[in-house]
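K.L.:
Got a structure for you, questions after.
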Amino acid sequence: MTILLLLLFSLQDEAKIARELNYANDPDRPQFQGQAIERLKKRGAKAVPAILDYVKEKGRNGLALFFTEALGEFGDERIADLLVACLGDRNFYWRPTAAKALGEYRRKKDLSLFQSLLTDRLWGVRFWSVRALEALKDREALPEIRKLLNDAIYDVRAQAAKTLHAFGDVSGLPVLVASLRSSVKWFEIDYGQIAREDSWKFLKKISGKEFGFKPWEPEEWRKPGLEKWEAWMTSRDPQWGEKVPPNARPQKESGSYLFGFELRSCQRGDFFFRLDEEGALVVGFFNLRRAVLSQEELATFQETLRKAGEIDRAVPYGEGGCDYEQYYFRGATGKFDRLWIGRGGRPVLADDFIEVVRQLLEKRFDKPTALHFQETTRIFTAQE
C-alpha cells in the first residue's frame, strides 16, 4: 500500500512539473509563466529530467526566452550542458540569453567556448561572453577582448572596456569617455543618451567624480561637464584621443530622414539603414556609414520604395516572434508610419525594393555588407 501511495504521489508530481513546464514556456500567458518558472526553480534538480525530456520532445526552440534565462539558476550540470548545446545551435532563437545563463555556472571547462564566441555574429552573444570571461577571471582572453573595443555595437565595446578595467587594464577608458559625446538616434529612440548614461555611470563609479555632467540634458548644457571629463582623461593619458578605435569615435547624425529600415533577428543578427534628405544611404546602428546615391540610383530606390509603400500597413504579415522587418515611411506631416513584417510574410510588392537595396549595398559599400543583408532578409520572403 505504501509503495502504491508513493508511486501515486510521484506520478502526480510529474504531472505538476509537466504542467509547469508548459506554462513556463508559454509567453502568451504571462500571468502564469512567471509563477511556473519560479516553481520550477524551487524544484531544482527534481525538475531537470522533465526539462530535458521536454526539450527532446519539443526541440530547443520550444524553450521560451524567460525560461532560457532562468536555466542559469538551476545549478545543475545537465542544464549547463543543455545551454552549451543551445549555444551551438545556430537555429536556436535565444542564443544571447543562453550565453548569459551559461555564464552563471562559471565552469572552467566553458572557457574555450566563451573565447570562441567573442567573434559571434550576434552582438548579444559577444556581450555575454565577455561578461562570462570576466567572471571566470580569464586573463588569456584579454587580447581578444581588447579587439572588441572597436566593436560596431556600443554595448559590446563598453563591456569590453569595463571587463579590461576589472583586470587592471585601463586601455578601454578612452572608449567610455569618447562615448560621452554620442548623439546617435533611431527615430524616437535616443541611443546616444543610453550610451552616454551607461559610460557616465561607470566612469563616476571608478573615479568618484561627476563634473556636473548629466547625460540626459541638451548638448549645450552637457558641454562644460563633458570638457571636464575629457580633461580628466587627458590628465591620465595625454594621447587618449588618438587611442579611440574608429568604431568608438563619436558620430553626428546626418540630419532628417525620408525612410528607415529596421531588421532584427534572434538567429541572424540585425540590420539598419536609412535614406536621408540629401539622397544618401546611411547604414548602421551606432556606427553609421554613408554613401550618396546617384540620381539614377536614387530614382530606382524611390520607385521600388513607392511600390512597397502601397502595402496595407494596418495588416500584420508573417509569424510573430523575435524576427521582424520594420519599414518607416515618412508621411506628408513628417511623421512616420510603420510597416511590420514577420518571418515568411513579406508581400511581393516589397521584394523588388529589397533586391534594389542589396545591389546598392554591394556597389556603394562592400560585398560582405550586401551578403549580410541578403542572408538576414531571406527569412522574410513569402516562399520561406
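K.L.:
Does the range 142-152 include one or more residues that are touching a residue at least 40 places away in the same chain (Cβ under 8 Å), touching a helix residue (DSSP H, G or I) at 6+ places or on another chain (Cβ under 8 Å), in a loop (DSSP other than H, G, I, E, B) and closer than 21 Å to residue 283 by Cα?
P.N.:
To start, the set of residues in the range 142-152 that are touching a residue at least 40 places away in the same chain (Cβ under 8 Å) comprises 149-152.
Filter again for touching a helix residue (DSSP H, G or I) at 6+ places or on another chain (Cβ under 8 Å), leaving 149-152.
Among the residues that remain, those that are also in a loop (DSSP other than H, G, I, E, B) are: 151-152.
Adding the requirement that they be closer than 21 Å to residue 283 by Cα leaves 151-152.
Within the range 142-152 (the criterion being touching a residue at least 40 places away in the same chain (Cβ under 8 Å), touching a helix residue (DSSP H, G or I) at 6+ places or on another chain (Cβ under 8 Å), in a loop (DSSP other than H, G, I, E, B) and closer than 21 Å to residue 283 by Cα), the answer is yes, since at least one residue qualifies.
K.L.:
Further, regarding this structure: Can you go through 237, 190 and tell me which one is in contact with a helix residue (DSSP H, G or I) (Cβ under 8 Å, 6 or more places away or on another chain), of a type in the set (D, E, K, R) and surrounded by fewer than 18 Cβ atoms within 10 Å (Cβ to Cβ)? Give the derivation first.
P.N.:
Details: 190 fails: in contact with a helix residue (DSSP H, G or I) (Cβ under 8 Å, 6 or more places away or on another chain).
The conditions single out 237.
K.L.:
For residue 133, are the conditions met, namely being buried (at least 24 other Cβ atoms within 10 Å of the Cβ) and touching a helix residue (DSSP H, G or I) at 6+ places or on another chain (Cβ under 8 Å)?
P.N.:
yes
K.L.:
Under 7 Å between Cβ atoms, at least 6 apart or on separate chains: pull out the pairs that start in the range 114-140 with a residue that is in a loop (DSSP other than H, G, I, E, B) and end on any residue that is surrounded by fewer than 19 Cβ atoms within 10 Å (Cβ to Cβ).
P.N.:
Note: pairs meeting the criteria are 121/269; 122/269; 136/106; 136/108; 136/111; 138/111.
K.L.:
Considering each residue of the range 140-192, count those that are charged (D, E, K, R) and more than 22 Å from residue 239 (Cα to Cα), and give that number.
P.N.:
First, pick out the residues of the range 140-192 that are charged (D, E, K, R): 140, 144, 146-147, 151, 155, 157, 162, 169, 181, 185, 188, 190.
Next cut, more than 22 Å from residue 239 (Cα to Cα) only: 140, 144, 155, 185, 188, 190.
Qualifying residue count, the range 140-192: 6.
K.L.:
Still on this model: Quick check: is even one residue across the range 236-258 over 28 Å from the mean Cα position of the chain (by Cα) and β-branched (Val, Ile, Thr)?
P.N.:
Keep residues of the range 236-258 that are over 28 Å from the mean Cα position of the chain (by Cα), which gives 236-240, 242.
Within this subset, residues satisfying the condition of being β-branched (Val, Ile, Thr) are none.
No, the range 236-258 has no match at all.
K.L.:
Do you know which residues across the range 136-155 are farther than 19 Å from residue 206 by Cα and among the hydrophobic types (A, V, I, L, M, F, W, C)?
P.N.:
Within the range 136-155, 136, 141, 142, 145, 148, 152, 153 meet the criteria.
K.L.:
Across the range 39-58, what is the number of residues that are out of contact with any helix residue (DSSP H, G or I) (no Cβ under 8 Å at 6 or more places or on another chain) and within 17 Å of residue 72 (Cβ to Cβ)? Let's see the steps before the verdict.
P.N.:
Restricting attention to the range 39-58, the residues satisfying the condition of being out of contact with any helix residue (DSSP H, G or I) (no Cβ under 8 Å at 6 or more places or on another chain) are 42, 44-45, 49, 53, 56-58.
Filter once more, so that each one left must be within 17 Å of residue 72 (Cβ to Cβ): 42, 44-45.
The qualifying residues number 3.
K.L.:
Would you say residue 304 is assigned by TED's automatic domain parsing to the domain that holds residue 283, among the hydroxyl-bearing types (Ser, Thr, Tyr) and either buried (at least 19 other Cβ atoms within 10 Å of the Cβ) or over 17 Å from residue 280 (Cβ atoms) (or both)?
P.N.:
Values: assigned by TED's automatic domain parsing to the domain that holds residue 283: yes; among the hydroxyl-bearing types (Ser, Thr, Tyr): yes; either buried (at least 19 other Cβ atoms within 10 Å of the Cβ) or over 17 Å from residue 280 (Cβ atoms) (or both): yes.
So residue 304 passes the test.
The values are calculated or read from the model by the stated rules, or taken from the named source; none is laboratory data. Keep in mind it's a predicted model, so treat the numbers as computed, not measured. Note: ideal-geometry Cβ built from the backbone for every residue, glycine included; neighbour counts use all protein chains shown.
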